[in-house]
Amino acid sequence: MKTCFKCNESKPRSEFYAHAQMADGLLGKCKACCKKDVHENREKNQDYYNQKDRERARRGQPRRMAYQKETKGIRVAHRLLYKALKDGLLTRQPCRECGDVRAHGHHEDYSKPLEVVWLCQKHHRRRHAELDAMGIDVHATIPVAA
């Protein structure tokens, strides 16, 4: 048991955050008081934290945009495959390796979205590992303008 210096309640040690610089290895105020203080501080300085949040979001934006551009062809191929399945142009097949009916459509070439090999999750992962081992980048065939 440990007593919180903020609320003066005696609580189990699990109700305190770890803090290596404290003598007993635990922060002096309980988790509930810490959360309350953080909430109050954020409310009191809302403009400051809103600005920080906007800056943090902007820092990640170029990476997000680059990733979206990189994966656009993959997403288009997946959408076209899903639509073809939904419209009845293609039918889901069992895994070609083991016959498992819960198969995924694996694209050997994303520029041909309806040409898929049906593989269960295990064999799908294995196929990607084989391609990686051979030095083949399946993402290199992604059409950019789609």
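Please treat every number below as a calculation from the coordinates, not as lab data. Computed from a prediction, not measured in an experiment: that's the story for all the values here. All Cβ positions, even for glycine, are placed from backbone atoms using ideal geometry, and neighbour counts span all protein chains on display.
Which value at 222 nm does the chain reach when only helices count, each DSSP H run of 4 or more adding -39,500 (n - 2.57), with the total divided by all residues and rounded to the nearest 500 deg cm²/dmol? Using -39500 (n - 2.57) per qualifying helix, the result is -15500 deg cm²/dmol. When you restrict to C-alpha pairs under 8 Å that are six or more residues apart and normalise by the size of the range 1-62, the relative contact order lands at 22 percent.
By counting other Cβ atoms within 10 Å of each Cβ, how are Cys33, Cys98 ranked from fewest to most?
Placing the least packed residue first, the sequence is Cys98, Cys33.
Backbone amide hydrogens, once placed in the peptide plane, bring Cys120 within less than 5 Å of Cys95, Arg96, Glu97, Cys98, His104, excluding anything fewer than 5 places away on its chain. Once both labels are positioned 7 Å from their Cα atoms along Cα-to-Cβ, the gap between Asp109 and Leu89 label points is 1.7 nm.
Membrane-span-like helices in the chain, defined here as complete DSSP H runs extending at least 15 Å along the helix axis by their C-alpha atoms with mean Kyte-Doolittle hydropathy no lower than -0.5, are 72-87; this is a sequence and geometry rule, not a statement about a membrane.
Full extension of the chain between Tyr49 and His128 yields a length gain of 24.2 nm, computed as 0.36 nm times the residue separation minus the alpha carbon distance.
Geometric descriptor of the range 72-141, per residue, is 78 Å³ (volume of the convex hull of the Cα atoms).
Neighbours of Gly28 by Cβ distance under 14 Å: Lys/Arg scored +1, Asp/Glu scored -1, total +2. Placing a pseudo-label 7 Å from each Cα along the Cα-to-Cβ vector at His19 and Asp37 gives an inter-label distance of 0.6 nm. Other residues with beta-carbon under 12 Å from the beta-carbon of Ala77 carry, at +1 per Lys or Arg and -1 per Asp or Glu, a net charge of +2.
Within 10 Å, count the other beta carbons around each residue, average over each peptide in 51-64, 4-17, and list them highest first. Let's see the in-between values first.
Details: 51-64: 9.7, 4-17: 12.9.
Most protected by this proxy first, the peptides run 4-17, 51-64.
Within the chain, the percentage of alpha carbon pairs spaced more than 23 angstrom apart rounds to 63%.
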